[in-house]
1. Report the local net charge at residue 133: Lys and Arg +1, Asp and Glu -1, summed over other residues whose C-beta lies under 10 Å from its C-beta.
2. I'd like to compare 70-78, 108-116: which one has the highest average count of other Cβ atoms within 10 Å, and what's the full order after that?
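Derivation of every value follows stated rules applied to the coordinates shown; laboratory data play no part. Since the model is a prediction, treat every value here as computed from it, not as a measurement. No Cβ is skipped: glycine too gets one built from the backbone with ideal geometry, and neighbour counts run over all protein chains shown.
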Amino acid sequence: MILLKNKKGFVLTETLMVAVFIIGIFTFLYTSILPLVGTYDDKVKRENDIDIVYKLHNLRNMLYKYIKPETITNIDYKVLSCSDFTDTGYCETLMNYLELKDYDFIYTKSIKNNYSILVNNNEDMKDYLKKYQDSNDEVLLLHDKTNHTIAHLKYSTE
């Protein structure tokens, strides 16, 4: 019969070996699986990006479907509302989905020719259109007054 004189040391060594083994397994799993699934923050960011792209896609489709450039090209500058759309119910539904309550659609045949009108008493427009002030593009601007943000869609003849 073999007697162990130092049982405390044996238990401590065994516990330490098991702890190192478990830490090694978790380290391996963390470093090999986490890059595949990503962190929570990355996942939320990607989902938000996808959601924004989806919303913009719907907005673009709605604008091109219900407001044709040829129906508004006779004026250089026009503020549009949902009542100007062929399908006002769809417009209102989409604006609610986009969580836009106070907004304008602004159509212009040329930012350059209408720059002073567009930026008149509107700091959002002034800041946004500063880099486009020499553009002759035919655009439809979406101005979200609540969040002070602007997006624009450029009309194309293609």
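1. Values: positive: 112, 126, 130, 131; negative: 134.
After counting each charged neighbour, the total is +3.
2. On the way: 70-78: 12.4, 108-116: 17.2.
My ranking of the peptides, most packed first, is 108-116, 70-78.
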